[in-house]
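Inspection log for the structure reproduced underneath, given as structure tokens.
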Amino acid sequence: MPDFLNDAAARQIIARVDANMTAYGYSKVTKNQSPDVTILLSVMESTNVYYSYDYYYWSWYYPYYWYYPYSVVPYSTSTSGTLLMMMMSNKEVNEADRVPVIWTGVINGILDGSGSSMTTRVNNSIDQAYKQSTYLKH
């Protein structure tokens, strides 16, 4: 598990996906029981760094000025996360052992905020992904 996603957040995501799968008529089974579908969950993190350039000028004579970059300073960073949910059909494995992806849900901003606001947003986003995919009902 990545270092930026703590165990509590990972368990919350898995529990919400489980709840939605159950609500759509799916039952959780073990690998040995030949499941119809497999759900893969991935979390990705990206960090954006914004830079500031400090300039000074030097001139030979008025009104001509030459500007030179003096320094480059990072002034702001932001970290965001994306949850990728993929459902694969185990019944349609082809001869090259490729398993087709039959549904994908992507949720941005899962690492933004903290505490209860993040929990609420992640739960609502996962629920919304399933609401928009009523064709998954079993």
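The values are calculated or read from the model by the stated rules, or taken from the named source; none is laboratory data. Every value quoted in this text rests on a predicted model; they were computed, and no experiment measured them. Cβ coordinates were reconstructed from backbone atoms using ideal geometry, including for glycine residues, and neighbour counts include every protein chain displayed. Quick note on the areas: whole protein, heavy atoms, side chains included, nothing else; ligands and nucleic acids left out. Shrake-Rupley method; radii C 1.70, N 1.55, O 1.52, S 1.80 Å.
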Approximate spin-label separation Trp103-Ser78, in nm, with each point projected 7 Å along Cα-to-Cβ
3.1
Straight-line reach from Lys137: which lysines fall under 19 Å, measuring Cα to Cα and dropping same-chain residues less than 8 apart?
Lys28, Lys91
Can you give me the long-range amide H partners of Ile110? Hydrogens built in the peptide plane at 1.01 Å from N, cutoff under 5 Å, separation of 5 or more residues or another chain.
Gly81, Thr82, Leu83
I need the calculated FRET efficiency for the pair Val93 and Asp127, taking r as the beta carbon distance and R₀ as 25 Å, to the nearest 0.05.
0.25
Eigenvalues of the alpha-carbon gyration tensor of the range 81-138, times 5 and square-rooted, give semi-axes in Å, largest first, of 29, 14, 7
At 37 °C and a viscosity of 0.692 mPa s, what translational diffusion coefficient does Stokes-Einstein give for the range 9-51, taking Rh as the Kirkwood radius over Cα pairs? Give it in µm²/s as a whole number.
254
If amide H atoms are built 1.01 Å from N in the plane of the peptide, which residues on other chains or at least 5 residues away come under 5 Å of the amide H of Val37?
Asn90
Once phi for every residue in the range 7-13 is put through the Karplus expression 6.51 cos²θ - 1.76 cosθ + 1.60 (θ = phi - 60°), the whole-Hz ³J(HN,Hα) values, with Gly and Pro written as x, are 4, 4, 5, 5, 5, 4, 4
Pop out the carbon and sulfur fraction of the accessible area of the range 78-138 as a percent, whole number, probe 1.4 Å.
47
So what are the ³J(HN,Hα) numbers for the range 90-95, from phi and the Karplus equation (6.51, -1.76, 1.60; θ = phi - 60°), rounded to whole Hz, Gly and Pro as x?
6, 7, 10, 5, 8, 5
Quick check: pseudo-label points 7 Å beyond the Cα along Cα→Cβ at Asn32 and Ser114, how many nm apart are they?
4.5
